[in-house]
1. Of all residues in region 46-83, how many are closer than 21 Å to residue 117 by Cβ, away from ligand 1 (no atom under 15 Å from the Cβ), within 16 Å of the chain's Cα centre (by Cα) and not aliphatic (A, V, I, L, M)?
2. Given the residues 249, 233, which is the only one that is assigned by TED's automatic domain parsing to the domain that holds residue 277 and either within 14 Å of residue 210 (Cβ to Cβ) or out of contact with any Asp or Glu (no Cβ under 9 Å at 6 or more places or on another chain) (or both)?
3. Please verify whether residue 89 is near ligand 1 (Cβ under 8 Å from one of its atoms), on the phi < 0 side of the Ramachandran plot and touching a Ser or Thr at 6+ places or on another chain (Cβ under 6 Å), treating the condition exactly as stated.
4. Can you tell me which of (1) away from ligand 1 (no atom under 11 Å from the Cβ); (2) within 23 Å of residue 193 (Cα to Cα) is the one residue 31 doesn't meet?
5. Based on what the data block shows, is residue 23 within 24 Å of residue 170 (Cα to Cα), more than 16 Å from ligand 2 (Cβ to nearest atom) and of a type in the set (A, V, I, L, M)?
6. Would you be able to tell me the number of residues in region 179-189 that are surrounded by 13 or more Cβ atoms within 10 Å (Cβ to Cβ), away from ligand 1 (no atom under 16 Å from the Cβ) and within 20 Å of the chain's Cα centre (by Cα)?
7. Which number in (1) away from ligand 2 (no atom under 13 Å from the Cβ); (2) among the polar types (S, T, N, Q); (3) in a helix (DSSP H, G or I) marks the one condition that residue 55 misses?
8. So in region 116-134, with the set limited to residues that are within 16 Å of ligand 2 (Cβ to nearest atom) and not in a loop (DSSP other than H, G, I, E, B), which one is nearest to residue 64 (Cα to Cα)?
Amino acid sequence: MTDATTPADFRCGYIAIVGRPNVGKSTLMNTLIGAKVSITSRKAQTTRHRITGIQTLPDAQFIYVDTPGFQTRHSNALNKTLNKTVTGTLDSSDVILFLVEAGTFGEADQQVIDLLPKNVPVVLVINKSDRVKDKAVLLPFAQQVASKFDFAAVVPVSAKLRFQLDGLQNEIKRLLPENPPIFGEDDITDRSEKFLASEIVREKLFRFVGDELPYTSTVLIEKFEQEGNLRRIFAAILVERDGHKSMIIGNKGARLKEVSTQARLDMERLFGGPVYLEIWVKVKSGWADNEAGLRAYGYE
Ligand SMILES: Nc1nc2c(ncn2[C@@H]2O[C@H](COP(=O)(O)OP(=O)(O)OP(=O)(O)O)[C@@H](O)[C@H]2O)c(=O)[nH]1
Ligand SMILES: [Mg+2]
C-alpha cells in the first residue's frame, strides 16, 4: 500500500486489546477508530472472535485487534477457544493495550497480566474512569496496578465519554514500529460484511433478550446477496432448546421484531446502504460442546 506520498517515518502495526470480560475492550476499539465494527453489551462474553479495527492517519496506521474477555474457567470448549484467541493475538502484536476497570482489580485481571509477553510494549489502560466519582482514588489505584508489570505507559480513559483518547493514541503511536501501511486508507476492518452482519444480530440478542438467554446461542448468515446498493441478508439464530426459541421470538413475535429492526438499522449505518433482513430462529443443540462444532460456526 505504500506509494510516493507515504512518509519515510510512517508508523504501522498491530495493537492487541486484552483484558478480563466486560472491561470495555470493544467499546474502546470502536471509539478509537470511529466506527462500530465490534459488538458491545453489558454482558460478559460478548466478543467471541478476533476483530480487527483499522484507523489510518497521514503519518500512522493503527491496526487494533479486539479479543474476547479472558475466561477464568477453562472447562468448556467455547471458553478454551476464546482463550486461545487471546493468547494467539498476544503473540503477534507490536503493542498491547491491557485494560482494567477503574477501581477494580481482581484475580481475573491478574490472570491476564500473567499472559503478557515481556518483549512487547504493554500500555495499562484504566477504562471507565468516568465511573469513579472521587478522582483522588484514581492515582493510588493506577500505582497499585502499575506495580504489577513493567508497563510502557499508564493512561486512564473513558471509552464511553471519549475522555483521554487522544493521549492514548499518542502513546500508541510512539510505540508503533516504522512500517509502511498494510491496509488501504479507507479500510476499517478485515472482516467481511457477512461476518459483521452475524455479529450485529448477535449483539441485538445480547441486548434485547434478557440474562436468561444462554451463551450457547449463535447466529449464522445463510444468504447474503447484494443487488446494486441493496443488501439482502437471511440470518438464522441457532438456539439449544424450544424454550429458548420462544424466548427470542417473544409475545406475538415482538422481541424478534425489535432485534431485527435494530440489527437492520446498524447494518445500514455500517454498510452505507439499504438492507433487507430476515431472521429465523432454529433449534440446534450441542454445537458449542466440541471443537468441530465451533469451527463449523466460524470460531478459530
Ligand atoms: N461507564 C462506562 N461504561 C463503559 C465504558 N466503556 C465501556 N463501558 C460499558 O461496559 C460494558 C462492556 O463493554 P464492552 O466494550 O462490550 O466490553 P468488553 O471488554 O469488550 O466485553 P467482552 O467482549 O464481553 O469481554 C458496556 O455496557 C459498555 O457500554 C466507559 O468508559 N465508561
Ligand atoms: Mg468485547
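1. Of the residues in region 46-83, 1 are closer than 21 Å to residue 117 by Cβ, away from ligand 1 (no atom under 15 Å from the Cβ), within 16 Å of the chain's Cα centre (by Cα) and not aliphatic (A, V, I, L, M).
2. Being assigned by TED's automatic domain parsing to the domain that holds residue 277 and either within 14 Å of residue 210 (Cβ to Cβ) or out of contact with any Asp or Glu (no Cβ under 9 Å at 6 or more places or on another chain) (or both) holds for just one of 249, 233, which is 249.
3. no
4. Just one mismatch for residue 31, condition (1).
5. The answer is no for residue 23.
6. Number of matching residues: 3.
7. (3)
8. So the residue we want is 125.
The values are calculated or read from the model by the stated rules, or taken from the named source; none is laboratory data. The shown structure was predicted, so the numbers you read here are calculated from the model rather than taken from an experiment. Cβ: placed from backbone, ideal geometry, glycine included. Neighbour counts: every protein chain shown.
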